[in-house]
Amino acid sequence: MSRLPLQELKDRLLAATPSSRATAYGALPRAKHPIGCKSLEVAEVVLGCKESLVRLLVEEGHFRGVEKIKFGRKQYVFIPDEEVERMRRLLAACMTFDELLVELAIDRQAYWALHDCGLLTPMEFGAWRRYRRQEVSSLLTRLDNVARPMPAHLARLLPLMGSWLHMRHRARSSMKQVLDELLEGRLPVYKSLEQDGLRAYFVDHTAPARLMWLSETHYAAKSRERAMATQLPLWETA
């Protein structure tokens, strides 16, 4: 199925249907349309996104070879077919924020924990964000590679993305280090076959204890730095 020219067939059907939204060319005569290009309206249909996003992509220079035609009081924008197809493939390889939450089975708080640790790096187009599907699947694959079978007794296990990870007074650098150690297999991770996304992964007491120790060490070092900074001026004025 992936090798069938479905997109090409769709484009031909849209171009051959007079009542289709994709052929709404406005007041610009067909004879003035550049050959091998698509209007913003057609690009919107092919890309499956809002026209405002398509306009933003044009304004930020994400398309090469854009043609702008002045006709009366209006300016019409046309994008080369190959550029529309390139962007279609790029967007198809990404997911929206809502799709990401469903794919990873997380809430917004867990998302920001992953984002702040650099494990999710969105592609930003103005107010729109897209997340690479390959990056998301890679995160789950890394966890699968180090995960252990669930033990018989679950009483002392905590969700991987639970409140222990992003509770207050936890340094971001410490949180990132613990997640890195979990992904590298230096701290135990357990997987449940009955769950999906990140909800399937759990940790034991060693991960929260490690995070607490790293955070305390981090803040102790910060306190020493502040103390040293105040002591130096005292010695200078003595």
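The values are calculated or read from the model by the stated rules, or taken from the named source; none is laboratory data. Since the structure is predicted, the reported quantities are computational estimates derived from the model, not experimental observations. All Cβ positions, even for glycine, are placed from backbone atoms using ideal geometry, and neighbour counts span all protein chains on display. These area figures cover heavy atoms from the full protein model, side chains too; ligands, DNA and RNA do not enter into them. Shrake-Rupley method; radii C 1.70, N 1.55, O 1.52, S 1.80 Å.
Tell me, please, whether a residue that is of a type in the set (A, V, I, L, M) and open to solvent by 60 Å² or more (accessible area, probe 1.4 Å) can be found in the stretch 55-65.
Taking the stretch 55-65 and keeping what is of a type in the set (A, V, I, L, M), we get 56-58.
Right, trim to open to solvent by 60 Å² or more (accessible area, probe 1.4 Å) and you get none.
Checked against the condition, which is being of a type in the set (A, V, I, L, M) and open to solvent by 60 Å² or more (accessible area, probe 1.4 Å), the stretch 55-65 yields no hits at all.
Annotation note: of Ser173, Ser163, the sole residue that is within 19 Å of Trp112 (Cβ to Cβ), open to solvent by 80 Å² or more (accessible area, probe 1.4 Å) and of a type in the set (S, T, N, Q) is Ser163. Of the conditions (1) in contact with a helix residue (DSSP H, G or I) (Cβ under 7 Å, 6 or more places away or on another chain); (2) under 15 Å from Phe125 (Cβ atoms); (3) at pLDDT below 90, Ile69 satisfies every one except a single condition; which number is it? The single condition Ile69 does not satisfy is (2). Within the stretch 135-155, the presence of at least one residue that is farther than 30 Å from Ala92 by Cβ, among the aliphatic types (A, V, I, L, M), open to solvent by less than 60 Å² (accessible area, probe 1.4 Å) and at pLDDT below 95 is confirmed. Considering the stretch 115-124, and only residues there that are over 9 Å from the mean Cα position of the chain (by Cα) and crowded, with 16+ Cβ neighbours inside 10 Å, the residue that is farthest from Glu103 (Cα to Cα) turns out to be Cys117.
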